[in-house]
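Quick notes on the structure that follows.
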Amino acid sequence: MGKHTYFYTIGFYDKDGNGIKRDIVAFLDKIEAKLREKDPRVVRSINGDVFRIFLYSRNSKDDDILVVPFGKPITKNKPYAVDSEDPGKLIELESDMFDINCLVYSKRHCLAMYTTNSRGPSQQEFCTYLNSYLFEEDDCVLKMKHVTFERSLVNIRNSNKVTAILVSVDLGDDINNYFKSEMDQTSSLTSALWNMATASKENADGKYLSFSIGLGRSKKTERLNKDSIMTLLEQLNLNSRFIKEIELKYEDNRTEKIETFKLKNVDSFLRGTFTSTESKLSPEFLLNHSADVYLKQREYFTTSVQEFLNGIGKETDEDYELNLDWKEGD
């Protein structure tokens, strides 16, 4: 299971896309109640795959964090175990095993995270599973929407280090005019880029130029000259049609991880990063450490959450039944 999550708003919407005021935690609790009653109908077949939830984990201290494990059975390449009676013998595990992902919901922040185990159920499959409990006459659908934020040169300027940059330039008819009119030729780095672009276009009949500057397999303490990189970025007009792509690797000050993103009017999905020696993010680990991850990213999701909450206007009845006898295709 990946050691990061993505952030999502999660809620109910009518057929026109308007937010409906219905408690998501109460809805999840209704499903878990059926699980506790050992109701077999919590196991559902969707698009040929079988899915089910497992008992939730809750933060009893402040009743903020809720973790919902969601899995599908491992049917291929099941692991083997050592026979307890004969340590030299391998036996196939007979019990059902599952690949899982987890929904993590913070009541305080009105925001969800979803883990990224590529073998576990996707976020879209989780939404489909939850929506199977809604009747058509409920006139609503549950949606999870990525929280996005637009990064800018401020992220690079404030970072501790930059480790790589990739630039792709379209060598169109007016590329020379672009460099002459918009870039300061006295900068050695921008001058070198101009020379490369000119040579690529006029001598090699090139249509585009891509180049990257990086450290390769260097020591973690090494870094590019950030001032020179910033000079180049500030002189490139990111909105120009000639600049096709700029990709950077830099150290995020909040997580101290090397992040990769494309810097050209691109919204990025907001991630939560966990630090653990374990290879997987277990429900217990998520329960104990998610609060800190929410706090680290709070400044980036506050606006999205407020817009989500402001879009909820339509009242609905909380006294409703689950569609327990749902079958795909009904």
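Among 171, 133, 285, flag the residue with its Cα farthest along the positive direction of the charge dipole of the chain, charges on Cβ as +1 for Lys/Arg and -1 for Asp/Glu.
Looking along the dipole axis, the top candidate is 171.
Sort 29-39, 74-84, 43-53 for me by packing, meaning the mean count of neighbouring Cβ atoms within 10 Å per residue, highest on top. Write down the numbers at each step before the final one.
Details: 29-39: 12.9, 74-84: 10.0, 43-53: 14.5.
Descending mean neighbour count gives 43-53, 29-39, 74-84.
In debye, nearest 20: dipole of the chain around its Cα centre with unit charges on the Cβ of K, R (+) and D, E (-)?
Values: 46 positive and 54 negative charges, 270 e Å.
Charge dipole of the chain: 1300 debye, to the nearest 20.
What's the carbon and sulfur percent of the chain's accessible surface, probe 1.4 angstrom, rounded to a whole number? Can you show the working numbers first?
Values: 8470 of 18550 Å².
With neighbouring chains kept in place, the figure for the chain is 46 percent.
From Cα pairs below 8 angstrom and at least 6 apart in sequence, can you work out the relative contact order of the chain, rounded to a whole percent? Numbers along the way, then the final one.
On the way: 546 pairs, mean separation 88.8, N = 330.
Rounded, it is 27 percent for the chain.
From the list (1) 105, 39, 34; (2) 74, 63, 42; (3) 67, 44, 37, can you say which value of Cα extents along the principal axes in Å was derived from the structure given?
Answer by label: (2).
Once the Cα atoms of helix 188-198 and of the chain are each reduced to a long axis, what angle between those two axes, in degrees from 0 to 90 to the nearest 10, is obtained?
Value to nearest ten degrees: 90.
Calculate how steeply helix 24-36 sits against the longest principal axis of the alpha-carbon atoms of the chain, using the helix alpha-carbon long axis, and give the answer as 0 to 90 degrees to the nearest 10.
Tilt relative to the chain: about 50 degrees.
Given points 7 Å out from each Cα along the Cα-Cβ axis, report the residue 228 to residue 43 separation in nanometres with one decimal.
6.2 nm
Please calculate how many Å² of accessible area segment 55-127 carries per residue, with a 1.4 Å probe and no DNA, RNA or ligand atoms counted. List each step's numbers first, then the result.
Working: 4150 Å² over 73 residues.
Per residue, segment 55-127 has 57 Å² of solvent-accessible surface.
With Cβ to Cβ distances under 15 Å as the rule, what net charge do the other residues near residue 75 carry (K, R +1; D, E -1)?
On the way: positive: 52, 72, 76, 78, 119; negative: 49, 92, 94, 96, 99.
Taking every other residue near residue 75 into account, the sum is 0.
Relative to the first principal axis of the alpha-carbon coordinates of the chain, what is the inclination of helix 226-235, with its axis defined by its Cα atoms, in degrees from 0 to 90 and to the nearest 10?
For helix 226-235, the angle is close to 80 degrees.
222 nm [θ] for the chain, helices only, -39500 (n - 2.57) per DSSP H run of 4+, per residue, to 500? If you can, show how the numbers build up before the last one.
Working: 7 runs with 85 residues, N = 330.
Calculated from helices alone, the mean residue ellipticity at 222 nm is -8000 deg cm²/dmol.
Would you mind calculating the gained length between residue 309 and residue 122 on full extension (0.36 nm times residue separation, minus the Cα-Cα distance), in nm to one decimal?
Numbers: separation 187, 0.36 × 187 = 67.32 nm, distance 2.49 nm.
64.8 nm is the gain from fully extending residue 309 to residue 122.
The values are calculated or read from the model by the stated rules, or taken from the named source; none is laboratory data. Being a predicted model, the structure only gives us computed values, none of them experimental. Quick reminder, even Gly has a Cβ in these numbers, built from the backbone with ideal geometry, and neighbours come from all protein chains shown. Please note that ligands, DNA and RNA were not included when accessible areas were found on the heavy atoms of the full protein model with its side chains. Shrake-Rupley method; radii C 1.70, N 1.55, O 1.52, S 1.80 Å.
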